[in-house]
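The values are calculated or read from the model by the stated rules, or taken from the named source; none is laboratory data. Note that the structure is predicted; figures quoted are calculated from it, not measured. Note that each Cβ is placed from the backbone with ideal geometry, even for glycine, and that neighbours are counted across all protein chains shown. Accessible surface is based on the protein model in full, side chains and every heavy atom, while ligands, DNA and RNA are left aside. Shrake-Rupley method; radii C 1.70, N 1.55, O 1.52, S 1.80 Å.
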Amino acid sequence: MNQGVVTVGSVLGGDFKILELLSSGGMGNVYVAEQLSTGSRRALKTMKPELLDTPKLRERFEQEARISGRIDSDHIVQVVSAGVDAATATPYMVMELLEGENLREYVRARGGLSRGEVAAIFDQLCHAISAAHAIGIVHRDLKPENIFLAKGRSARANV
């Protein structure tokens, strides 16, 4: 396998089978993957192959994986695994796969937000940011596209 090349059907880290591309950003791609050891569907983020030879970007990606797992908040996506795939030399991080949409999509689809929705979103967002700041992390790209409104998974989630 080529360095950084990830395709549908690839297995990264010996445990995560790539099922489909979910999204693509400036630094990486996010895939839906199956965790073979548990059967769980996960989100798996990799660096784009053309960036792998840039040490500063590679370190930033690996640091993101380490740091994200340390933030104690229900409002931050949980990182469940991270590493560098031996066969492709591709850094990756594996997160819980959430259902929902980003804030930009949500607002566009509804034409705006009620005061109650704004208050609920900002309450959770402030909790997440405070938890990150508590361990010395500053989010450098906070924008509606990077705020994900996940469907709740508890009995009270949609009350």
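Within the range 18-44, residues that are free of Cβ contacts under 8 Å to residues at least 12 places away in the same chain and within 15 Å of residue 77 (Cβ to Cβ) reach partners that are surrounded by fewer than 18 Cβ atoms within 10 Å (Cβ to Cβ) and among the β-branched types (Val, Ile, Thr) with beta carbons closer than 6 Å, at six or more positions or on different chains, in the pairs 23/30. Counted as qualifying within the range 47-159 are the helices (runs of 4 or more DSSP H) with 2 or more residues that are at pLDDT 90 or above and either open to solvent by less than 30 Å² (accessible area, probe 1.4 Å) or closer than 24 Å to residue 21 by Cβ (or both), namely 103-110, 115-134.
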